Amino acid sequence: KNQVEQSPQSLIILEGKNCTLQCNYTVSPFSNLRWYKQDTGRGPVSLTIMTFSENTKSNGRYTATLDADTKQSSLHITASQLSDSASYICVVSAKDSSYKLIFGSGTRLLVRP
Amino acid sequence: DVKVTQSSRYLVKRTGEKVFLECVQDMDHENMFWYRQDPGLGLRLIYFSYDVKMKEKGDIPEGYSVSREKKERFSLILESASTNQTSMYLCASRIQSSSYNEQFFGPGTRLTVL
């Protein structure tokens, strides 16, 4: 069964600190993996997308990694800001479906001053 | 930039009412989707539409129907709202040829059924 699991469920950090969010997936055949940021009461917005051949991709203070062998991804946030407080959702696409996305349940991050 | 809008941010309805949630996208995307999002669960696909007047059931279509009369507009209909349909509803759109299956989301409608 295609699944995406994220950890931790929630995380509280102090402003300026770094943090890493984890995503494990069992989707096969794998096409790509995307991290979304969802602010409270808003729709998800794409941060990064990674295909099978990519190991690392950065978007400002956000760096995503992908290990296709172990089927794991991480999202590292550097020098956190209050505006980073949001839910972060890991989403995987399978090659055998042109439209279906498999969503993780998200990690809720709270950055405190 | 792709813009996906939803008709209401918050909606409160009573059990048994017929509820319409509307979604509009301005980028001429062929595909449109309706999801619901509940705490502790990932987004779950209710219905999607490949193009005008075309629709297919997603993973949880029970209790819902959809309408797509125009390319830019995709409506989700709750024929008789029930309390277990209280949720956050998200609409998304996508260009048919998207090789990465990138979907663009609207801001969501938080529906409460009393």
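Readers should treat all values here as calculations from the given coordinates under stated rules, not as data from a laboratory. Note that the coordinates shown come from a computational prediction; the quantities given were computed from them, not determined experimentally. All Cβ positions, glycine included, derive from the backbone under ideal geometry; neighbour counts span all protein chains shown.
Here are the numbers for the structure shown:
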{"quantity": "Conditions (1) among the β-branched types (Val, Ile, Thr); (2) within 14 Å of chain B (Cβ to nearest Cβ); (3) within 15 Å of the chain's Cα centre (by Cα); number of the one not met by A:Thr40", "calculated": "(3)"}
{"quantity": "Residues located in the range A:1-37, provided they are away from chain B (no Cβ under 13 Å) and among the β-branched types (Val, Ile, Thr)", "calculated": "A:Ile12, A:Ile13, A:Thr20, A:Thr26"}
{"quantity": "Qualifying strands (runs of 3 or more DSSP E) (wholly inside chain A; at least 2 residues being surrounded by 15 or more Cβ atoms within 10 Å (Cβ to Cβ))", "calculated": "A:4-7, A:10-14, A:19-25, A:30-38, A:45-51, A:62-67, A:72-77, A:86-94, A:101-103, A:107-112"}
{"quantity": "Matching strands (runs of 3 or more DSSP E) fully within the range B:29-87 where at least 3 residues are out of contact with any Phe, Trp or Tyr (no Cβ under 8 Å at 6 or more places or on another chain), at positive phi and surrounded by fewer than 20 Cβ atoms within 10 Å (Cβ to Cβ)", "calculated": "none"}
{"quantity": "Test: residue in the range B:70-90 that is in contact (Cβ under 8 Å) with a residue 60 or more places away in the chain, within 14 Å of chain A (Cβ to nearest Cβ), more than 25 Å from A:Asp39 (Cβ to Cβ) and polar (S, T, N, Q)", "calculated": "no"}
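Residue by residue, here is whether (1) within 14 Å of B:Tyr100 (Cβ to Cβ); (2) in contact with a Cys (Cβ under 7 Å, 6 or more places away or on another chain); (3) among the hydrophobic types (A, V, I, L, M, F, W, C) holds:
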site: A:Leu21; (1), (2), (3): no, no, yes
site: A:Ser31; (1), (2), (3): yes, no, no
site: A:Trp35; (1), (2), (3): yes, yes, yes
site: A:Ser46; (1), (2), (3): yes, no, no
site: A:Ile49; (1), (2), (3): yes, no, yes
site: A:Arg61; (1), (2), (3): no, no, no
site: A:Val92; (1), (2), (3): yes, no, yes
